[in-house]
2 protein chains.
Amino acid sequence: MELRIALIGFGVVGQGFVRILAQQEEWLKEQGWDVKLVAVSDIQKGSVYNPDGLNIDTLLNLMLNEKTIAGYPDGVIGFDGTKTISESNANLVVEASWSNLETGEPALSYARRAIEMSKHIVLTNKGPPVLALCELKKLAQDNSVELRYEGTVLSGTPAINLGQLNLSQSGLRGFRGILNGTSNFILTLMEEGQDYDAALKRAQDEGYAEADPTADVDGHDAQGKVVILTNSLLNADIRLSEVHCEGIRGMSKDDIESARKEGKRWKLIASAERIDDGTIIASVKPEKLSLNHPLASVMGATNSITFSTEYLGDVTITGPGAGAFPTGYAIFTDILDIIRCIK
Amino acid sequence: MELRIALIGFGVVGQGFVRILAQQEEWLKEQGWDVKLVAVSDIQKGSVYNPDGLNIDTLLNLMLNEKTIAGYPDGVIGFDGTKTISESNANLVVEASWSNLETGEPALSYARRAIEMSKHIVLTNKGPPVLALCELKKLAQDNSVELRYEGTVLSGTPAINLGQLNLSQSGLRGFRGILNGTSNFILTLMEEGQDYDAALKRAQDEGYAEADPTADVDGHDAQGKVVILTNSLLNADIRLSEVHCEGIRGMSKDDIESARKEGKRWKLIASAERIDDGTIIASVKPEKLSLNHPLASVMGATNSITFSTEYLGDVTITGPGAGAFPTGYAIFTDILDIIRCIK
């Protein structure tokens, strides 16, 4: 079986993914799977397409030395994302560019285009699954292609796949989790005695928080992840506006200290539950957890989700929620799962 | 596709499994899968075989009212385990009887017989995979059948499947975990101020510990699970005797108290790691963990494993490690995985 991949977006995540792809080349061959990268397109770093496959070492060396892949020696250059999807011979598109949480663009258009051209699609941006998961699933079904998006929630820590494969028939009722590493990193520093502003500044200095930290500290990043998990695992079709959202902005040292005196710790908890009448209750908000609560000891930028199930009670998974290799690995496992489904 | 199941062993786990099977009947039909229970054989509770399928409600009512299934109205009664495997029309055998960790019997003979008769096999007893995993895997391959044993480690909490599916290419180097719920329950009571003897007695009263608690408190149960995980996930073939083993017997209130003064907590940690020269270092022993360590907040009878990987760093899963429904669900997910592989 031959899989020809077009990668849209060659930033940190895209480069993490191709490194893993190169490292797993031998193993893929041993499985009898012919997986090659045929196109890379990035709005800033240039693009290149070769129907016979690209050399990943050459691409990474170009990035290292020239910060662009436009000088790749043996391929068609200059295709934008849409042209790469439409005109390359790829049969699988990895979307690792960027997206706006209000419109989902440009990732959403890339996803629709890929599916309409009967190409399998792996997404790493929250935009498309937050705004249009049900539409994309139906489109994928109608076009007989596979759609995966594991990297949009906990990067490569199994979350959607854990829920959809291992826990699918466990009687899943809901989940509670720490889905935003930046705000958890800030709360961890505050536990160590820093105030909010100093903790935020350090999160920015260390690359966890953006210059505008709104999406993280006001809870919107976690809110989007709640929509994706809820619509993927709880057989629902909720929208962002249906998830109550409060962030950690404005939390004070006094808040931290008074929780400590009760033997508790503040965490930004994202949750959703299907209640008895069938409706979904979903929220992101700071909660005081007892120190013995499984989520209370999740520190730093680590993420965690507790799934509540009928047969198993609570099952919790904890791991990284971001990063080049973790998100690159999410893409890689999505591709392996697609191979297993289509072969 | 028709799956005809023979169940060997109708104790707590076997009954938990058939309850789940009955509850999932509609869903299985919706998937287009014809899954029926054709035989149950238990050395104490009797046995019954009907090639067209058994009624699960009738079986459970018989157990409730008569403590035996020998009075089942419509089937062949009296087959022992071996005869059930050999002479029923089952094409999948669930082994949920019992086994001796020194010989693996009778479960090991049942497993070999099922595979030699070209029947898929799901195991819930540690004996066979601890003593003969590589042999059974090869036998299964030679006979073109599937072998699964998720329930032998953390019951239905994804452990082997998590390692073999989701984390298979993550660069797994080793694992550390709390793999024995009874000893963790005892340590939790000791954290609350009880001494070892009182905590053990309560574990026995509540059904967590056997009258002879040796397998749990001396670490042998966890030692067997280390062998299964190591040989399943780290491409190894180690034996029980290669896993250094110390239990929690003899721990004192002073031990607990002195750890507390250091901001730490004792846990019985089971671990294995492939070190740089390729050898495996594996052990079960009490370790003092910092309270911020992810395994330190795993309390009561809950189990947990932290997998150390190259691409993701640490990924931890926490959930139940025993029980009728959790282990029944492990069997059910193993069967679903077999269906996905063979269809």
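Expressed as a whole number of Å, what is the distance separating the alpha-carbon centroids of the range A:154-216 and the range A:280-303?
9
Obtain the nm distance between the two label points defined at residue A:314 and residue B:43 by a simple spin-label model: each point lies 7 Å from its Cα along the Cα-to-C-beta direction.
3.9
Please compute, for peptide A:282-293, the average count of beta-carbon atoms on other protein chains lying within 10 Å of each residue's beta-carbon.
Mean shielding by partner chains, rounded to a whole number: 1.
About its Cα centre, how strong a charge dipole does the range A:162-319 have in debye, to the nearest 20, once Lys and Arg get +1 and Asp and Glu get -1 at the Cβ?
Computed about the Cα centre, the dipole is about 340 debye.
Please order A:74, A:42 by the number of other Cβ within 10 Å, starting at the fewest.
Ordered from fewest to most neighbouring Cβ atoms within 10 Å, A:74, A:42 come out as A:74, A:42.
With a Förster radius of 35 Å, plug the Cβ-Cβ distance of residue B:261 and residue A:255 into 1/(1 + (r/R0)^6) and report the FRET value to the nearest 0.05.
Efficiency computed from Cβ-Cβ geometry: 0.80.
Rounded to the nearest 500, what is chain B's calculated 222 nm mean residue ellipticity when only DSSP H runs of at least 4 contribute -39500 (n - 2.57) each, over all residues?
Helix-only estimate at 222 nm: -11500 deg cm²/dmol.
If you draw the axis that swings chain A onto chain B, which residue of A has its Cβ closest to it, and how far is that in whole Å?
Here the nearest residue and distance are A:297, 2.
Determine the relative contact order of the range B:162-319: mean sequence separation of Cα pairs under 8 Å and six or more apart, normalised by residue count, in whole percent.
Taking the mean separation of contacting Cα pairs over the length of the range B:162-319, I get 34 percent.
One decimal, nm, shortest first: give the distances between the label point of residue B:238 and those of the same position in the other copies, each label point 7 Å from Cα along Cα→Cβ.
Nearest first, the other copies' label points are 4.4 nm away.
Over all Cα pairs of the range B:168-255, how is the pair count split among 5 Å bins, expressed in % and running from 0 up to the last occupied bin?
Computed distribution, short to long bins: 3, 14, 22, 20, 14, 11, 9, 6, 2, 0.
In the calculated pair distance distribution of the range A:127-197, what percentage of Cα-Cα distances lie above 15 Å?
Value for the range A:127-197: 70 percent of Cα pairs lie more than 15 Å apart.
Rounded to the nearest 0.05, what FRET efficiency is calculated for residue B:118 and residue A:12 with R0 set to 60 Å and r the Cβ-Cβ distance?
0.75
Place a point 7 Å from Cα of residue A:343 in the direction of its Cβ. Which residues in the range A:75-93 have their backbone N less than 19 Å from it?
A:91-93
I need the P(r) histogram for the range A:263-342: all alpha carbon pairs, bin width 10 Å from 0 out to the longest distance, whole percents.
14, 34, 34, 16, 2, 0
Where does the charge balance sit around residue A:84 when Lys and Arg score +1, Asp and Glu -1, over other residues with C-beta under 14 Å from its C-beta?
Taking every Cβ under 14 Å from that of residue A:84, the sum is +1.
What is the ratio of the Cα radius of gyration of chain A to 2.2 N^0.38 Å, where N is its residue count, to two decimals?
The value comes to 1.02.
Once the Cα atoms of helix B:56-66 and of chain B are each reduced to a long axis, what angle between those two axes, in degrees from 0 to 90 to the nearest 10, is obtained?
Value to nearest ten degrees: 70.
Kindly provide the pair-distance distribution of the protein assembly as shown built from C-alpha pairs, with 20 Å bins from 0 and whole-percent values in order of increasing distance.
17, 48, 31, 4, 0
Can you list the copy-to-copy distances for residue B:135, using a point 7 angstrom from Cα toward Cβ, in nanometres, shortest first?
In ascending order, 6.0 nm.
Out of every Cα-Cα pair in the range B:157-205, what percent are more than 13 Å apart? Don't skip to the end; give the middle numbers.
On the way: 769 of 1176 pairs.
The share of Cα pairs beyond 13 Å in the range B:157-205 comes to 65 percent.
Taking chain B as the reference, fit the longest principal axis to its C-alpha atoms, fit the long axis of helix B:196-205 to the helix C-alpha atoms, and give the angle between the two in degrees, 0 to 90, nearest 10.
Helix B:196-205 sits roughly 20 degrees off the main axis of chain B.
Across peptide A:313-326, what mean number of C-beta atoms from other chains lies inside 10 Å of a residue's C-beta?
Values: counts 8, 5, 10, 9, 9, 8, 11, 6, 0, 0, 3, 1, 7, 6.
Across the residues of A:313-326, the mean count of other-chain Cβ atoms within 10 Å is 6.
Cross-link candidates for residue A:285: which lysines have Cα within less than 25 Å, leaving aside residues fewer than 8 places away along the same chain?
Here the lysines satisfying the reach criterion relative to residue A:285 are A:126, A:201, A:225, A:253, A:261, A:264, A:267.
Along Cα→Cβ, 7 Å out, is where each label goes; now give me the distance between the ones at residue B:291 and residue B:86 in nm to one decimal.
Spacing of the two 7 Å Cα→Cβ label points: 6.1 nm.
Under a straight-distance cross-link criterion of Cα-Cα below 15 Å, which aspartates and glutamates are reachable from residue B:288, leaving out those fewer than 8 residues away in the same chain?
Answer for residue B:288, where 15 Å is the Cα cut-off: B:191, B:246, B:254, B:255, B:257, B:262, listed by chain and number.
What gaps in nm, shortest first, separate residue B:210 from its twins in the other copies when you place the label 7 Å past Cα toward the beta carbon?
In ascending order, 5.8 nm.
The numbers here are math on the coordinates, done by the rules we state, and not lab data. Fair warning: this is a prediction, and the values are worked out from it, not measured in the lab. Note that we place each Cβ from the backbone using ideal geometry, even for glycine, and neighbour counts take in every protein chain shown.
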